[in-house]
Amino acid sequence: MTDQPNSESPREVDLLVTGIGELATPEGEQPLSGSGMGRLSVQRGVAVACDAGRFVAIGPEAELIEGFRGRDTLDAGGGLAIPGLVDSHTHPVFLGTREGEFEQRVAGRSYVEIAAAGGGIRSSLEGVRASTELLLLEVLLPRLDRFLQLGTTTIEAKTGYGLTVADELKGLDVIAAANRSHAVELIPTCLGGHDVPPEFKGRPEAWIDVVCAELWPAAASKAAFADVFTESHVFGLEASRRLMESAREQGLGLRMHVDQLTSLGGAELAAELGAASADHLEHVSEHGIAALAERGVQPVLCPLVPLYLGEAQEAPARRMIEAGCAPALSTDFNPGSCYCMSLFEVMSWAALRYGMSAAEALTGTTLNAACSLGLGHELGSVEVGKRADLVLTDLPNHTHLTYELGRNPVRRVIKGGAAVH
Ligand code: NIG
Ligand code: FE
């Protein structure tokens, strides 16, 4: 795993990380499914050299200290090192929070009831529409600081709280501006199919016409993916198909919120369309799981969301893994159904609710998540040649990733070979 160091004088590199107690990482560029999901490389006594933004050597510490000289050095203090975490499903572009709805749900009201009464996604529209790009950026950047403090170096970032052509494009511009000014890397998704905007109440087809004719073509140069909330109270199967086929024609990749609250057959549609990911899946059918596995569509699971919404049904993650799917794990960070940015929390809940091992949970928040974003060749593992995104924790070994709840174990974060936290 080591580039040949020069035998006479040590090679100068940007960063040398020593003092790593354990390095735990999945390996490869492809999503890991079945028993492969739990197969990590776990090494002790290794050091890591980074140069020009990439890992250039990983090997026995004594050898690296002899072969490399870091212009910058970091001592990991004997803790666990893991790849930079990748959150493959977030909605971070919004203005105000919705803690009142949380209180209502705790008191027994459901997410759909609250949405029908004017809450939910629609209650976040006002803030985004009334805000300038600059204001939205100002509230986004501290959120990105927090992602970084929690070891997340890359997030998929959705719009979806604008729901006019101009406000959705504004959301994508905010994401682009954040990318230029913050260490966290954002992969933009246009969620024009998040809801039917109030102006189009009772005529969802008219909004779909606008999205297909105007939004997707304008978003195609600003976003990597398009997304839709496929649910009977939002966009049904035929409406979702129209939206997604039109996005695909514009060259956008497809991500879909499917089978979250009811078993509508959204997974089957995502499989048929060859989407990059099918997200949520609490109510997916056996047939839907088989279709995802067959087409290689990756589930993106959000274990904190049913907990947060007070919904009993969990995504059948173990069945998906057995069927040959390669699930990613995400926060779904948003003001309504999950106000949490911690992938450590997600890993613990994936263990407790899905029965995932710590190794599987780490793969779900690193390599599998990167692959769902089309970035498996660049991110998601600590291997020579990949971009140098590394998280140094104070945990003694990788099984503590799921074992310990409620504390941030991150000591240092390295993004693209530079210490950023
Ligand atoms: O992923 N499912 C739709 N979108 C979000 C919820 C957004 C909101 O309530 O604001 C989700 O859960
Ligand atoms: Fe979501």
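Read the figures in this text as sums done on the coordinates, not as results from a lab. Keep in mind that what you see is a predicted model, and the values were worked out from it rather than measured. Cβ: placed from backbone, ideal geometry, glycine included. Neighbour counts: every protein chain shown.
Using +1 at the Cβ of each Lys and Arg and -1 at the Cβ of each Asp and Glu in region 85-341, identify which of Cys325, Gly251, Met341 lies farthest towards the dipole's positive end.
Most positive-ward Cα: Met341.
How about region 188-275: which trypsin sites (Lys or Arg not before Pro) there lie in a loop by DSSP and see at most 15 other Cβ atoms within 10 Å?
Lys201
Name the residue farthest towards the positive end of the dipole of region 93-203 from the options Ile121, Asn179, Gly162, assuming +1 on Cβ of Lys and Arg, -1 on Cβ of Asp and Glu, about the Cα centre.
Ranked along the dipole, the leading option is Ile121.
With a 10 Å Cβ neighbour count serving as the proxy for reagent exposure, in which order, fewest first, do Asp279, Asp72, Asp167 appear?
Fewest-to-most Cβ neighbours within 10 Å comes out as Asp72, Asp167, Asp279.
Residues with beta-carbon under 13 Å from that of Thr331, excluding Thr331: net charge, scoring Lys, Arg +1 and Asp, Glu -1?
Charge balance near Thr331 sits at -2.
Find the relative contact order for region 1-159 and round it to a whole percent, using C-alpha pairs within less than 8 Å whose residues are 6+ positions apart.
RCO, region 1-159: 26 percent.
Spelling out what I want: for every residue of region 40-50, take phi, set θ = phi - 60°, compute 6.51 cos²θ - 1.76 cosθ + 1.60 (Karplus), and round to whole Hz; glycine and proline get x.
For region 40-50, the Karplus-derived couplings read 9, 8, 10, 10, 10, x, 9, 10, 10, 10, 10 Hz, x marking Gly and Pro.
Quick check for me: using +1 on Lys/Arg Cβ and -1 on Asp/Glu Cβ, what's the dipole size of region 93-212 about its Cα centre, in debye to the nearest 20?
160
Find out how many positive minus negative residues lie around Gly120, taking Lys and Arg as positive, Asp and Glu as negative, among other residues whose Cβ is under 10 Å from that of Gly120.
Within the 10 Å Cβ shell, the charges total -1.
What does the charge add up to near Ser110, with Lys and Arg as +1, Asp and Glu as -1, over the other residues with Cβ less than 15 Å from its Cβ?
In short, -3.
Only Cα pairs under 8 Å and at least 6 apart count here; give the relative contact order of the chain as a rounded whole percent.
22
State the antiparallel share, in %, of DSSP beta bridges confined to the chain, rounding to the nearest 5.
Around 40 percent antiparallel, to the nearest 5.
Using only Cα atoms, find the angle between the long axis of helix 286-295 and the longest principal axis of the chain, and express it within 0 to 90 degrees, rounded to the nearest 10.
Relative to the chain, helix 286-295 is tipped by roughly 60 degrees.
Order these peptides, 40-46, 226-232, by their mean beta-carbon neighbour count within 10 angstrom, highest first.
With the highest mean Cβ count within 10 Å placed first, the list reads 226-232, 40-46.
Please say if region 85-341 is rounded, prolate or oblate, where rounded means a/c under 1.5 for a ≥ b ≥ c the square roots of the C-alpha gyration tensor eigenvalues, and otherwise the choice is prolate for a/b larger than b/c and oblate otherwise?
Here region 85-341 falls in the rounded category.
Quick one, what does Rg over Rh come out to for region 1-127 if you take C-alpha atoms and the Kirkwood Rh?
That ratio is 1.25, to two decimals.
Would you calculate the separation in nanometres between label points at Asp394 and Glu12, each defined as 7 Å from the Cα along the Cα-to-beta-carbon direction?
Rounded to a tenth, the inter-label distance reads 3.5 nm.
Could you give me the percent of Cα pairs per 5 Å distance bin for region 166-228, shortest bin first, beginning at zero and ending with the bin that holds the maximum distance?
Going from the shortest bin to the longest, the percentages are 4, 18, 27, 22, 14, 8, 5, 2, 0.
Based on Cβ point charges of +1 for Lys and Arg and -1 for Asp and Glu, what charge dipole magnitude is obtained for region 238-293 about its Cα centre, in debye rounded to the nearest 20?
The dipole magnitude comes to about 200 debye.
Just to confirm the filter: which chymotrypsin sites (Phe, Trp or Tyr not before Pro) across region 285-349 are DSSP coil and have at most 16 other Cβ within 10 angstrom of their Cβ?
Taking region 285-349 and a limit of 16 other Cβ atoms within 10 Å, the loop chymotrypsin sites (Phe, Trp or Tyr not before Pro) found are Tyr339.
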